[in-house]
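What follows is one structure encoded as structure tokens, with my remarks underneath.
The values are calculated or read from the model by the stated rules, or taken from the named source; none is laboratory data. Keep in mind it's a predicted model, so treat the numbers as computed, not measured. Cβ placement follows ideal geometry from the backbone for every residue including glycine, while neighbour counts extend to all protein chains displayed. Keep in mind that these areas ignore ligands, DNA and RNA; they rest on the heavy atoms of the full protein, side chains included. Shrake-Rupley method; radii C 1.70, N 1.55, O 1.52, S 1.80 Å.
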Amino acid sequence: MYKKILMPTDGSACSQKAITEGLEVAKSMGASVTFLYAVENISSSLWISPESVPYGLELIEDLKRVGSEALSKAAELAQTAGVEAETKLVEAKPVDAILAEAKNHDLIVMGTHGRSGLDRFMLGSVTEAVLHRSDKPVLVLRSK
């Protein structure tokens, strides 16, 4: 039924739980997976002065490093589970990156932190935005 599964990650415990469950689904269906980590360019949303440019560039590199580490961990889990996997680190808004990559997949597996109230309003929800905008099925695993 599902042969290519997209599993976005942000490196959180919530994402790790979704990856663990998603790998079980992939293994049972003989599907391959793609782990995706999106680094959003924050320079457009931060006030940048000449003095802050070096820090801004350093911050982007730090975010890429964190993304690479999250993808490596996910790839190790896939290898242990015996599931074929690839990793992708992209510079884009997470929702946009997920929806673009989903065009090449049959299913999206994501975690959600289960925030509500003011936390949800202030932090937003990538998972919720994907649910509302994706034309692909989305399996959502709640962290709590």
Residue within segment 38-46 that is at pLDDT below 95, touching a strand residue (DSSP E or B) at 6+ places or on another chain (Cβ under 9 Å) and surrounded by 15 or more Cβ atoms within 10 Å (Cβ to Cβ) present: yes
Answer residue from segment 79-98, given it is part of a helix (DSSP H, G or I) and touching a helix residue (DSSP H, G or I) at 6+ places or on another chain (Cβ under 6 Å) and is nearest to residue 11 (Cα to Cα) among those: 94
Criterion (at pLDDT below 95, under 20 Å from residue 1 (Cβ atoms) and over 11 Å from the mean Cα position of the chain (by Cα)) met by exactly one of 118, 123, 141: 141
Output for segment 7-40, where each listed residue is hydrophobic (A, V, I, L, M, F, W, C) and part of a strand (DSSP E or B): 7, 33, 35, 36, 38, 39
Selected residue (criterion: modelled with the highest pLDDT) from residues of segment 126-138 that are of a type in the set (A, V, I, L, M, F, W, C) and part of a helix (DSSP H, G or I): 130
Some residue of segment 89-96 being over 16 Å from residue 140 (Cα atoms), open to solvent by 60 Å² or more (accessible area, probe 1.4 Å), of a type in the set (A, V, I, L, M, F, W, C) and modelled with pLDDT of 95 or more: yes
Residue in segment 63-83 that is at positive phi and touching a residue at least 12 places away in the same chain (Cβ under 8 Å) present: yes
